[in-house]
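Working notes, structure below.
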Amino acid sequence: MTDAQRESPPPGPGFEFGVLGPLKALRGGDPVAIGAAKQRVVLASLLIDANRVVPVETLTARLWGETPPCGARNALQNYVMRLRRVLGGAGGSDPVLTRPQGYLIGVADEAVDLHRFDVLVRRARAAVAAGGAEQASALLREALGLWRGQPLSDVPSELLQREVVPALAERRLGAVELRIQADLALGRHGDVLPELRELTAVHPLRERFWAQRMLALYRSGRQGEALQCYRTVGELLSEELGIDPGAELRELHRRLLDADPALAGSDPSGGGAPIRPGAGDGDARPAGDLPAGMTTFAGRERQLAEAQRLLAQARDRFRRDGEVGDAHTATTMRAMAAALLGAWAHMAAFEHGAHTDDVIGPALDEHPISGGPPAGNQ
């Protein structure tokens, strides 16, 4: 539904509505009981798109699904009429309006908790973009405080439960992610860890929560547990979906292995933000500029086996080619040193997503192996 279809609400009689939990209706601060199930479906459908026309066809589908009864339009009119009586009270005005294409509920924006939630989240996103993590965290806590449980939990509509409720729940999780991002930027990694443990248990396939948990653990001095989280989610994704962790998790894992200093600090403009490939790396690493060291070989069995093969080849050649001091032995020593460098480059290439030749070639050109005469003199 577009903004062009939005109507300015008429002067309201003090209504307040809630859909972020069981359906709630207040008039002048007093509860309004919406007892009939079909009336709750109609009211919820109108509130999801408050101040916009909801077509008759949409209301019909939300009331009866794909098989509406004969005379569904007349039945809908009857439910709307009864809802108006309940909301209007004894001679009072009601906010439900009839339009040629359907119906709308005209209320002040702040009268619906869903609208207040969306406004607060938008303000929080703007605060994060401006570097205001403290303000963003406060706004998001206020927004999330509007939730009273499962949205529309007492509204018996298969279509609403299947299509609308999951979308609302997704908006809430997005706000939770953003609030944790703001809290991480403020150095509250210890405070969010219990929450993240629960979130990764309840939403095990949601990679962002795993990334935030890994970052919070790392900043708490628990690097081993952070790396274990990566192994756990990797196994889970492989078993459940047959896929590897996404780019954000892979990049964060690499940076954890490298003990990237940028991960330890807190930046009020975006601590805990999505990790992008290359983010926080500083200057791009040129080909052949091998890392100073690896922090772990865990999960690199294939690469270790290749390194062992290269070294075994060099050792066997050394044993075949003669006594120390032979020209042949000098050549063999050069080959063995090259094999060592090749093994190192193989591991570095795996670590940084490059091809071995892209690493070993420039490294050999910049750092030639010495210790014997040129090959042409042998």
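The residue that is most open to solvent (accessible area, probe 1.4 Å), among those in region 35-52 that are within 32 Å of the chain's Cα centre (by Cα) and of a type in the set (V, I, T), is I48. Every condition in (1) within 18 Å of L43 (Cα to Cα); (2) open to solvent by 20 Å² or more (accessible area, probe 1.4 Å) is met by G131 except one, and the failing one is (1).
Scanning region 243-263 for residues that are closer than 19 Å to H203 by Cβ and either more than 16 Å from the chain's Cα centre (by Cα) or crowded, with 16+ Cβ neighbours inside 10 Å (or both) turns up I243, P245, E248, L249, L252.
Looking across region 198-231 at every residue that is in a helix (DSSP H, G or I) and over 24 Å from D258 (Cα atoms), the one that is least open to solvent (accessible area, probe 1.4 Å) is identified as T200.
Results for (1) outside any helix (DSSP H, G or I); (2) at pLDDT below 95; (3) of a type in the set (S, T, N, Q), shown as yes or no for each residue.
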| residue | (1), (2), (3) |
| --- | --- |
| P11 | yes, yes, no |
| F17 | yes, no, no |
| A33 | yes, yes, no |
| L43 | no, no, no |
| L46 | no, no, no |
| R62 | no, no, no |
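Selection of region 60-102 for residues being more than 17 Å from A33 (Cα to Cα) and hydroxyl-bearing (S, T, Y) yields T60, T67, T98.
Residues in region 189-221 that are under 17 Å from L241 (Cβ atoms) and among the charged types (D, E, K, R): R206, E207, R208.
Being hydroxyl-bearing (S, T, Y), modelled with pLDDT of 95 or more and under 30 Å from V41 (Cα atoms) is a condition met by at least one residue of region 148-163. Among the residues of region 183-194, those that are open to solvent by less than 60 Å² (accessible area, probe 1.4 Å) and either among the hydroxyl-bearing types (S, T, Y) or part of a helix (DSSP H, G or I) (or both) comprise D183, L184, A185, H189, G190, V192, L193. When region 19-31 is filtered for residues that are outside any loop (DSSP other than H, G, I, E, B) and either open to solvent by less than 60 Å² (accessible area, probe 1.4 Å) or modelled with pLDDT of 95 or more (or both), the ones remaining, listed by number, are K24, A25, L26. Summed over region 137-176, residues that are in a helix (DSSP H, G or I), open to solvent by less than 50 Å² (accessible area, probe 1.4 Å) and touching a helix residue (DSSP H, G or I) at 6+ places or on another chain (Cβ under 8 Å) total 12. Residues that are in a helix (DSSP H, G or I) and loosely packed, with under 15 Cβ neighbours inside 10 Å: does region 84-94 have at least one? Yes, some residue in region 84-94 is in a helix (DSSP H, G or I) and loosely packed, with under 15 Cβ neighbours inside 10 Å.
Candidates are the residues of region 108-128 that are surrounded by 15 or more Cβ atoms within 10 Å (Cβ to Cβ), among the hydrophobic types (A, V, I, L, M, F, W, C) and more than 25 Å from G14 (Cβ to Cβ); the one that is farthest from the chain's Cα centre (by Cα) is A127.
The values are calculated or read from the model by the stated rules, or taken from the named source; none is laboratory data. Because the structure is a prediction, the values reported are computed rather than measured. Here Cβ is always computed from backbone atoms with ideal geometry, including for glycine, and neighbour counts include all displayed protein chains. Ligands, DNA and RNA are excluded from the accessible area calculation, which covers all protein heavy atoms including side chains. Shrake-Rupley method; radii C 1.70, N 1.55, O 1.52, S 1.80 Å.
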